[in-house]
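Step one of this worksheet: look at the structure below.
What follows is calculated from the coordinates using simple rules that are stated; it is not laboratory data. Nothing here was measured: the structure is a model prediction, and the numbers come from that model.
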Amino acid sequence: MRNLILLFTFIVSVSEISSQEVKPKFNEIDLSINSITNLDFGIDYKTSFNSNTLLRLELFNFDFKTTENDPANPSLFKTNHNNLQSNIGIGIEKRKTLSDKLNFYTGIDILLNVYWDRLKTDNPFLSENLRTVDALSLNPGLGFKTGLHYKLNNDLSIGFSFSPHVYFRYLQVGTSFDSKEKEKEGNININLDEISLSIIYRWNK
């Protein structure tokens, strides 16, 4: 009789454990407009450690431009100008469920703002090492992001976030072949106007 009671207790315990809902781990892609005034776009990839904690990888404010000037006037010289800038980041995001449809989230990011610029000219009166001028700016920083997700269905949500940033600016300018002409400067820049609207696609691991 005692063995039957123990067996029954074991079966009930296993049944209760198996009936508990286990929330699956998931991934997300977040496509956003990061500055409404400048229409800067971004993309976040997020992967969950659990239902409330996620690792976040970011790429936003990406911009690449290239221009070439080949004047008809033979006294002027052909020039080529390229520049690239973007922000990249990695951070941790914490979430709290407010309702079946609404989630609040917050997190801290390590950021790097990258700006690269190159100007080349075919001016034969300049020595070869002076015909190309590069500028490289690497701005490490910290970001804080907080916002809301509204669930449309199991796969799609829309989001709103606010993300102030703090950057340290590092600038290096000079010709490609003469490192002696490089300059450096540092300053603190605080950006408080980053407001994002996004659409989020989610899938389970």
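Scalar couplings 3J(HN,Hα) for segment 86-96, obtained by applying the Karplus form with A = 6.51, B = -1.76, C = 1.60 to θ = phi - 60°, are 6, 10, 10, x, 9, x, 10, 10, 10, 10, 9 Hz; x denotes Gly and Pro. Sequentially through segment 41-52, phi angles give Karplus couplings (6.51, -1.76, 1.60; θ = phi - 60°) of 9, x, 9, 10, 10, 10, 9, 8, 7, 8, 5, 10 Hz, Gly and Pro residues having no value and appearing as x.
Close amide H contacts of Glu194 (hydrogens built in the peptide plane, cut-off under 5 Å, sequence separation of 5 or more or a different chain): Ser163.
Taking 0.36 nm per residue of separation and subtracting the Cα-Cα distance, full extension of the segment from Tyr45 to Tyr201 would add 55.2 nm.
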